[in-house]
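The values are calculated or read from the model by the stated rules, or taken from the named source; none is laboratory data. In this text the structure is predicted, and so the values were computed from the model without any measurement. Positions of Cβ are generated from backbone atoms using ideal geometry, with glycine treated the same way; all protein chains shown enter the neighbour counts.
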Amino acid sequence: MAQTVFAPWEDPNEKPLIQFKNVTKRFGDFTAIDNLSQDIYTREFFALLGPSGCGKTTMMRMLAGFENPTEGQILIAGQDMAHVPPNERAVNMMFQSYALFPHLSVWENIAFGLKRMKMPTDQLTNRVEEMLRLTRLTKFAKRKPHQISGGQRQRVALARSLARAPKLLLLDEPLGALDKKLREETQFELMDIQEKTGTTFVIVTHDQEEAMTVASRVAVMDEGRIMQVATPAKIYEEPNSVYVADFIGDVNIIQGKAQKTSADGYDIHWADGHEPFHAKTSLGLADGQTGFIAIRPEKITVSADKPEGAMNAVKGQIVDIAYLGNMSTYHVKIPGGLVIKAQAANTRRLSRRAFTWEDEVWLSWTLTAGSVLSE
């Protein structure tokens, strides 16, 4: 049986759980959020991604009720949140610092919010045990936070946030304090827990890999505006601007003047006296308009000889090599001084590698390898 793809944002009959409607937030003269509208759906793992100061944490704080919009509306499950205090929203927030009580055990930390809700004792016990199982912390229940690892403390904070069964969980840079390997493991745990509980997660992060790994959709932000919202694959493969292409992963941006050659074909004239690069796109560019080709390094082939029949090929010299174990990134200077990054998998042992510094090589790519952008 074919698995149905989770994409409620494509279903006109789906009602969003969260609606930002023309929301602006100002702090004095500074506009943190600029007339922003966005829907987020039930069971989504939605990532707000962007550099420091782009407004992503302000969006989250408004959802939690710690800040109020200057203009516009925020709705959760159809209800306007304008005068609903944080403790009356079906929302929980997990902070970067985890904010665990050091004098309480893991069990008591998870139970804390439930006791304040005056949940009956038998229900409370069952709920805490369920959260311990979900986050694989059962055998650490009696320990204090300082007696467990950073990754385990992160799971305690998550269990405590989920214990009250919020409709929405907000995660502010939740994995920032963990080392790289643990962070990667925890990303998959987060996805697993989110799927099992069915809670809607909204995560704030400046780590693009994290957003690409965990999210059903990513919103790339800049200066209080959302530049693009799409699935991780679409953001990576089909960015809508140079800013988005450049923010996600490694990319080569080649600027030139566009010239239409067919219904969906363009030449991009990037350097005088050199063959233009050819690209296919449904984007409409006027002749002579500045256009950009954004190409990921892994889409570019490095070869010693000019490949036969290649639609785009250019000769250059290797000026740098970044050896990353499983792959190498070659920095190749082409005419006009532009440096292009191309990646190749390291399938051979070191002594058998084909290219080294100062070698002359050919770079080539297909018609559809790059995204053509107008801004």
Quiz item: Can you tell which of LEU182, LEU171 is surrounded by 23 or more Cβ atoms within 10 Å (Cβ to Cβ) and either among the hydrophobic types (A, V, I, L, M, F, W, C) or in a strand (DSSP E or B) (or both)?
Solution: LEU171
Practice problem: Looking for whichever is in a helix (DSSP H, G or I) and buried (at least 20 other Cβ atoms within 10 Å of the Cβ) here; the options are ILE193, ILE226. Which one fits? | Solution: ILE193
Exercise. Please list, ordered by first then second residue, the pairs with beta carbon atoms under 6 Å, 6 or more apart or interchain, first in the stretch 89-102 and closer than 15 Å to PRO166 by Cα, second part of a loop (DSSP other than H, G, I, E, B).
Key: ARG89/GLY65; ALA90/PRO166; ALA90/LYS167; VAL91/PRO166; ASN92/PRO166; MET94/PRO174
Practice problem: Identify all residues within the stretch 129-142 that are among the charged types (D, E, K, R), in a loop (DSSP other than H, G, I, E, B) and under 21 Å from PRO174 (Cβ atoms); write none if there are none. | Solution: ARG136
Self-check item: Unmet criterion (only one of (1) modelled with pLDDT under 90; (2) within 26 Å of the chain's Cα centre (by Cα)) for VAL156
Solution: (1)
Quiz prompt | Single residue of SER282, SER364 found to be in contact with a Pro (Cβ under 9 Å, 6 or more places away or on another chain) and within 25 Å of TYR243 (Cα to Cα) | solution = SER364
Quiz item: Of all residues in the stretch 283-317, how many are in contact (Cβ under 8 Å) with a residue 12 or more places away in the chain and in a loop (DSSP other than H, G, I, E, B)?
Solution: 14
Quiz item: Is the stretch 286-302 home to any residue that is modelled with pLDDT under 90 and over 15 Å from TYR266 (Cβ atoms)?
Solution: no
Self-check item: Pick from the stretch 81-104, criterion farther than 19 Å from LEU175 by Cβ and in contact with a Phe, Trp or Tyr (Cβ under 9 Å, 6 or more places away or on another chain), ranking: surrounded by the fewest Cβ atoms within 10 Å (Cβ to Cβ)
Solution: PHE101
Quiz item: Being among the polar types (S, T, N, Q) and surrounded by fewer than 12 Cβ atoms within 10 Å (Cβ to Cβ), is that true of even one residue in the stretch 64-78?
Solution: no
Exercise. Among the residues of the stretch 85-128, write down those that are in a loop (DSSP other than H, G, I, E, B), touching a strand residue (DSSP E or B) at 6+ places or on another chain (Cβ under 8 Å) and farther than 15 Å from ALA159 by Cβ.
Key: ARG89, ALA90, GLN96
Quiz item: What number of residues within the stretch 328-338 satisfy the criterion of being in contact (Cβ under 8 Å) with a residue 12 or more places away in the chain, of a type outside the set (Lys, Arg) and more than 13 Å from ILE300 (Cα to Cα)?
Solution: 4
Quiz item: Is the stretch 55-77 home to any residue that is assigned to a strand (DSSP E or B) and under 20 Å from the mean Cα position of the chain (by Cα)?
Solution: no
